[in-house]
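What follows is one structure encoded as structure tokens, with my remarks underneath.
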Amino acid sequence: MTADTRYAELIAAFHKTWENFPGQARLIDGKHHVIAVNAFAAKNGRTPGEICAAFGTPESHKGCRKAEALATGEGKLDRPFAERVRGWVPLEDWPDVVVHFSLAVPEVNS
């Protein structure tokens, strides 16, 4: 079974769930390969097939919690900047895949 075949249903489910998320969402495997990206991520230059850690600067990946999320099977969050939250969500039945998202935190509504 090829990776494309193996991931076909997972990619379809990812797009149903994350396509309209108002931040970047990527489906990433244990070896840092980007399997799928949502519309927001695509607009910001992210593409399936890239190595996630090769995008941006090395500093932007500091504190990555993907390995921890995969090892524990629990979602992880951090806030590397006051205006940004990012997370890694492991997937049931997919022990080597996470959804990695980042989201700008809006100003408080007044």
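When the helices in the chain are scored as -39500 (n - 2.57) per DSSP H run of 4 or longer and the sum is shared across all residues, what 222 nm value do you end up with, to the nearest 500 deg cm²/dmol? Numbers along the way, then the final one.
Numbers: 3 runs with 28 residues, N = 110.
Here the helix-only value at 222 nm equals -7500 deg cm²/dmol.
Suppose every K and R has +1 on its Cβ and every D and E has -1 on its Cβ; what is the size of the dipole of the chain about the Cα centre, in Debye to the nearest 20?
Numbers: 13 positive and 14 negative charges, 55 e Å.
Taking the Cα centre of the chain as origin, the dipole is about 260 debye.
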Requested in this report: Would you mind checking which residues have amide H under 5 Å from Asn38's amide H? H placed 1.01 Å from N; only 5 or more apart, or other chain.
Outcome: Ala25
Query raised in the report: Tell me, what ³J(HN,Hα) does each residue in region 83-88 have, in order and in whole Hz, if you take phi through Karplus 6.51 cos²θ - 1.76 cosθ + 1.60 with θ = phi - 60° and put x for Gly and Pro?
Result: 9, 9, 10, 9, x, 10
Query raised in the report: How far is helix 3-18 tilted off the main Cα axis of the chain, in degrees rounded to 10, range 0 to 90?
Result: 30 degrees
**Report entry** Cβ-based net charge around Glu19, under 13 Å, with every Lys or Arg adding one and every Asp or Glu removing one
**Finding:** +3
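Values in this text are rule-based calculations from the coordinates and carry no lab data. Please read these numbers as outputs of a predicted model, since none were measured by experiment. As a convention, Cβ positions derive from the backbone with ideal geometry for all residues, glycine included, and neighbour counts pool all protein chains shown.
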